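Peer 1: Here it is: the structure, laid out below.
Derivation of every value follows stated rules applied to the coordinates shown; laboratory data play no part. Quick caveat, the model's predicted, so the values are computed rather than measured. Heads up, the Cβs are rebuilt from the backbone with ideal geometry, glycines too, and the neighbour counts pull from every protein chain shown.
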Amino acid sequence: MEYYHGTRADLKEGDLIEPGYASNYGSKRKANHVYLSATLEAATWGAELAQGDGPGRIYIVEPTGPIMDDPNLTDKKFPGNPTKSYRSREALRVLGEVKDWKGHAPEVLQAMKDHVEKLRLQGIEAVDD
């Protein structure tokens, strides 16, 4: 199975994406996990919603340790993990970059950004325990 990670970080093949850095979302607290997906759709959202000034990027990654379902996108929200979203306490190794991905329509992206901002204002943070 191929895995992806969406971000604004400028990485190269062989780089490691590790927990412990400021999260791309919410209050930017230290992330205990790194996030990955087996779908380009979920990685596209990651690339588009990541904080920072650089362009969104999607990398093909390889977990270096165990992965588990991402509780932010499973359980009650999406039973059975249809987004194929995962997280790990171990690093992800960058294998390459997806160059030909297409972002969401501007109005769809803005609606999602508005939703994320509403959650932030309500004090709702991603589960990263």
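Peer 1: How do the peptides 95-103, 62-70, 41-49 rank, highest first, by the average count of neighbouring beta carbon atoms within 10 Å per residue?
Peer 2: Sorting 95-103, 62-70, 41-49 by mean packing, highest first, produces 41-49, 62-70, 95-103.
Peer 1: Taking the simple approach of a point 7 Å from Cα along Cα-to-Cβ for both VAL98 and ARG120, what is their distance in nm?
Peer 2: Taking the two extended label points, one gets 2.4 nm.
Peer 1: Given points 7 Å out from each Cα along the Cα-Cβ axis, report the LYS113 to TYR21 separation in nanometres with one decimal.
Peer 2: Each label point lies 7 Å from its Cα, and together they span 2.2 nm.
Peer 1: Next up: Please compare each pair in LYS12/LYS113; LYS12/LYS102; LYS30/LYS113 to a cut-off of 26 Å on the Cα-Cα distance and tell me which ones are over it.
Peer 2: Those over the limit are LYS12/LYS113.
Peer 1: Could you order the peptides 13-19, 55-61 from most to least packed, using the average number of other C-beta atoms within 10 Å per residue?
Peer 2: 55-61, 13-19
Peer 1: So what are the ³J(HN,Hα) numbers for segment 93-99, from phi and the Karplus equation (6.51, -1.76, 1.60; θ = phi - 60°), rounded to whole Hz, Gly and Pro as x?
Peer 2: Going residue by residue, I get 9, 6, 9, x, 10, 7, 9 Hz, with x marking Gly and Pro.
Peer 1: Once label points are set 7 Å from the Cα along Cα→Cβ at both GLN51 and ASN32, what is their separation, rounded to one decimal in nm?
Peer 2: Placing both labels 7 Å beyond Cα along the Cβ direction yields 1.9 nm.
Peer 1: Hey, can you grab everything whose amide H is under 5 Å from the amide H of HIS33? Only 5+ residues off in sequence or another chain; H modelled, so Pro and N-termini drop out.
Peer 2: GLY20
Peer 1: Would you work out the Kirkwood radius for segment 3-121? I mean one over the mean of 1/r across all pairs of different Cα atoms, in Å.
Peer 2: Every distinct Cα pair counted, the radius reaches 14.6 Å.
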